[in-house]
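The values are calculated or read from the model by the stated rules, or taken from the named source; none is laboratory data. Keep in mind it's a predicted model, so treat the numbers as computed, not measured. Heads up, the Cβs are rebuilt from the backbone with ideal geometry, glycines too, and the neighbour counts pull from every protein chain shown.
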Amino acid sequence: MGSAMADREHRRALAGFLRSRRERLSPADAGLPAGPRRRTPGLRREEVALLSGVSVTWYTWLEQAREIGVSRQVLHGLARGLLLSPAETRHLFSLAGEAPPDGARPEPARGPGPALRRLVDALDPHPAYLVSATWELLAWNRAEAGLVGDPANWPVPGRNLLRRVFLDPAMRDLLADWPGQARMLLEQYRAAADRHVGDAEFARLTDELCERSPEFAQWWRTHDVAEFRPVRREFDHPRLGRLSFDYVKLAGVDVPGVTLVSCMPADEATARRLPELSALGAAAS
């Protein structure tokens, strides 16, 4: 994709994000009087401009994806006026082509080395795996195979966690709260995908999931984003019953774009079943 087209896609992503955040705010949220009845939801553009300290015309051009520059000072004003969360603020800066306030920027990924793969194996019987920026499964241990099925038996195009969650009926049965967990994963992926506008791999995956999963397509249109946070996930395992894990996610400094995810048992019942989980994974492989 050429630079001009990528720039245009970045402006459209920024415009869509701003519009979605504006439409979610009520006058009461922003400390403004309700005024006369509104024909559309959310704040008006002139109200956001006032709250953000920019001109109405300039803000309108932003939502129209016009080719205009945006300073860091203005981005801070927009984040303040739209009451953005820290995650949404970093997302806004990334969409505008600026380093987020904390200076964190994604870097190109490269494959994990043997030491990192051995670390995944060493975490057994705790489920653990490595994923790329586009959620491709790069490595996993026996316990993870026992939990979700051995990924070695999945078709290579399907060896992607988002594809499994949204397209594999078995995952809907395995995840105790499929809608909540699936949507959380999508929002994390959305934040990464919008930072990689113009990346063909992200574009192909997004297009495929929008086409094949009605839930993905519906939630994708909301522009909701989230960052990873420690979360508890529950599974209804077909052999071992209810399992509960606290997820830990670590980014490798020497392998940008590759993430290590490990699952720690959240209760004694799950902890006691870890050896069985690992044994099931060994048998499956």
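Give segment 209-254 a look and list any residue that's touching a residue at least 40 places away in the same chain (Cβ under 8 Å), acidic (Asp, Glu) and part of a helix (DSSP H, G or I), or say none.
Glu215
For residues in segment 173-203 being of a type outside the set (A, V, I, L, M) and under 26 Å from Ala271 (Cβ atoms), which is nearest to the chain's Cα centre (by Cα)?
Looking at the filtered set, the residue picked out is Gln181.
Working carefully through the options Arg195, Arg172, find the one that is touching a residue at least 40 places away in the same chain (Cβ under 8 Å), closer than 22 Å to Arg221 by Cβ and charged (D, E, K, R).
Within the list Arg195, Arg172, the selection yields Arg195.
Going through segment 240-258 one residue at a time, which ones are under 21 Å from Pro125 (Cβ atoms) and either at pLDDT 95 or above or not basic (Lys, Arg) (or both)?
Leu240, Gly241, Arg242, Leu243, Ser244, Phe245, Asp246, Tyr247, Val248, Leu250
Among (1) closer than 27 Å to Leu209 by Cβ; (2) surrounded by fewer than 19 Cβ atoms within 10 Å (Cβ to Cβ); (3) among the aliphatic types (A, V, I, L, M), which single condition is Ala145 missing?
(2)
Can you tell me which residue is modelled with the lowest pLDDT among those in segment 1-50 that are under 26 Å from the mean Cα position of the chain (by Cα) and among the basic types (Lys, Arg)?
Once the filter is applied, the top-ranked residue is Arg8.
On the given criteria, is Phe245 within 30 Å of Arg22 (Cβ to Cβ) and among the aromatic types (Phe, Trp, Tyr)?
no
Only one residue in Arg66, Arg105, Arg163 is at pLDDT 90 or above, surrounded by fewer than 19 Cβ atoms within 10 Å (Cβ to Cβ) and either out of contact with any strand residue (DSSP E or B) (no Cβ under 6 Å at 6 or more places or on another chain) or in the same structural domain as Gln181 (by TED's automatic domain parsing) (or both), so which one is that?
Working: Arg105 fails: at pLDDT 90 or above; Arg163 fails: surrounded by fewer than 19 Cβ atoms within 10 Å (Cβ to Cβ).
Among Arg66, Arg105, Arg163, only Arg66 is at pLDDT 90 or above, surrounded by fewer than 19 Cβ atoms within 10 Å (Cβ to Cβ) and either out of contact with any strand residue (DSSP E or B) (no Cβ under 6 Å at 6 or more places or on another chain) or in the same structural domain as Gln181 (by TED's automatic domain parsing) (or both).
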